[in-house]
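Here the structure is laid out as structure tokens; the discussion comes afterwards.
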Amino acid sequence: MAETHSIRIPDRINPGSGWWAVYTRHQHEKAVANMLVAKGLEVFLPLYESLRHWKERKKKLLMPLFPGYLFVRESLGGPLQILTIPGTNMILTRGEHLEVISDDEIQTIWRATVDPSNIEPHPFLNSGERVRVTCGAMQGIEGILVRKKNLYRLVLSVEMLAQSVSIEVDARNVEAVRPSSSLRVDVPYVMARRPEPCTS
């Protein structure tokens with residue numbers, strides 16, 4: 001498989017069909033994804049760009065955004081065709097049933113990985129002030145706005161995995177989903193401004 005930012009999901013998604021979260025052996029995500037694709041299954045393996053240092057040189061690598069996990073479209077063939085792949089540990093379940101991730105959640109992560117240099121793993125967040133992106137490729141996506149140094153990042157969480165990722169956003173182009181007086185001092189100022197047109 002070529003080094004791309006993810007195994008992309010199609011432009012059109014059949015309604016009513018969700019995704020399974022497949023837990024793999026350590027550093028086996030890409031190999032398992034390749035074998036699943038070879039079986040004709042629809043796979044999504046989001047990757048991000050990580051700068052690694054070796055002695056006096058630097059190299060950019062594409063790493064799994066959710067270490068140990070990839071996503072597979074629900075299949076009529078059932079879980080057995082997935083679990084027989086070498087390097088696969090399990091499919092996440094809720095009780096006795098396979099846990100299903102909605103298309104909306106997968107689409108959100110997919111849209112966030114369009115630029116793999118702009119996204120990175122983030123400590124898991126499941127509460128806090130939510131904002132919505134008002135324009136651009138991420139328009140309509142909701143997440144939690146956090147500040148990292150002088151930049152704002154939108155945190156997207158996959159609750160079932162208890163993992164989050166963050167993507168850089170222009171704070172002028174987000175709006176509060178539920179305005180609250182509990183926002184920190186620097187955020188209400190940003191929220192109060194009229195969103196400016198997106199720049200290319």
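Coordinate-derived values only; no laboratory data. Bear in mind the structure is a predicted one, so any value in this text is a computation, not a measurement. Methodologically, a virtual Cβ is constructed for each residue, glycine included, from the backbone with ideal geometry; neighbour enumeration extends over all protein chains shown.
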For segment 65-140, listing chymotrypsin sites (Phe, Trp or Tyr not before Pro) in a DSSP loop whose Cβ sees at most 15 other Cβ atoms within 10 Å gives 124
For segment 101-144 the trypsin sites (Lys or Arg not before Pro) that pass both the DSSP coil test and the at-most-16 other-Cβ-within-10 Å test are none
Among 30/59; 39/59; 60/149; 30/60; 30/149, the pairs whose Cα-Cα distance exceeds 24 Å are 39/59; 30/149
